[in-house]
Amino acid sequence: MNDGFDFDFDLDELAPADDASAEAVERFWSGDLRALSRHHITRDGSHGFVVAHDQSVTWGARGEPEIMAIAVARDLSRFTFTLETSYHATVPFAQAWLVERGCPPEKIAKLYGDVVKPADDLTVQVERKIRESGTRYEVLDTYTSDFDPSETWTLTRDSRSVEAPIRVFHEEWEADADTYTMREGAFADVGAARAWLDDRSGPLPEPPEYGDGNGAVVRACVARIALARSAGASTAPKVGLNAPRTPSAGPAKRPVQGRLL
């Protein structure tokens, strides 16, 4: 592997087990990837899991996902390895992809480096929900903005929801505070979700289950945030998602979740 990575797959004496693994290795370029989280399991470290930010995407096509999930399996008896990668708009979806491939969720959840912290409890709850969701959410589309506002959204279909099954997960950063928020919105169909994403004419519609008994924790988080806002607390987290979308002359200081770049 290239020497410029800040993590090491330890594959120097191993050969790719298949063409897909060989092609995955060829896609890596020194200095492009910065690890946000990683975990190795088994005593000999034969399986490795990494969440990384691909900095090269920042200068590519606008809107492309920048978070890469990497799963490595080393067969030390055959001196081969398999390597899988997948791009995601946000860290929790990358973590969920790795959990599906055998990584313990509590291990890959820990981020390191110059971390940008969740702004509130609701962000933590929504991220955990995504990370431990398995195959619940079918990702339909994503968008990442390095400009002002600095945000991402992931458009999904929730296989467990009959009412309002289309879900939008919206992440927004507050660079000055080094924090970010993650919110979940629910829509009856894809058209309604895209309409909201296009015009932001109102608040992100709350999932119906937030109001039932199973959503008590989330509801409590929402109530605390609303109370803080109504009291005018200067430290209250930003909840509204329809802030003015003014263009900027260039990329803003990009606070990728887990690392401030």
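The values are calculated or read from the model by the stated rules, or taken from the named source; none is laboratory data. If you're wondering where the values come from, they're calculated on a predicted model, not measured in any experiment. Each accessible area value is taken on the protein alone, full model and side chains, heavy atoms only, with ligands, DNA and RNA left out. Shrake-Rupley method; radii C 1.70, N 1.55, O 1.52, S 1.80 Å.
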* Amide H to amide H under 5 Å from residue 180: which residues, 5+ apart in sequence or cross-chain, H placed 1.01 Å off N in plane? -> 117, 119, 174
* **Contact order normalised by residue count of the range 37-184, Cα under 8 Å, 6+ apart, percent** => 19 percent
* How far is the Cα center of the range 149-216 from the Cα center of the range 41-91, in Å? -> 27 Å
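What part of the accessible area of the range 119-171, given as a whole %, is carbon or sulfur when the probe is 1.4 angstrom?
Numbers: 890 of 2070 Å².
The C+S portion of the solvent-accessible surface of the range 119-171 is 43 percent.
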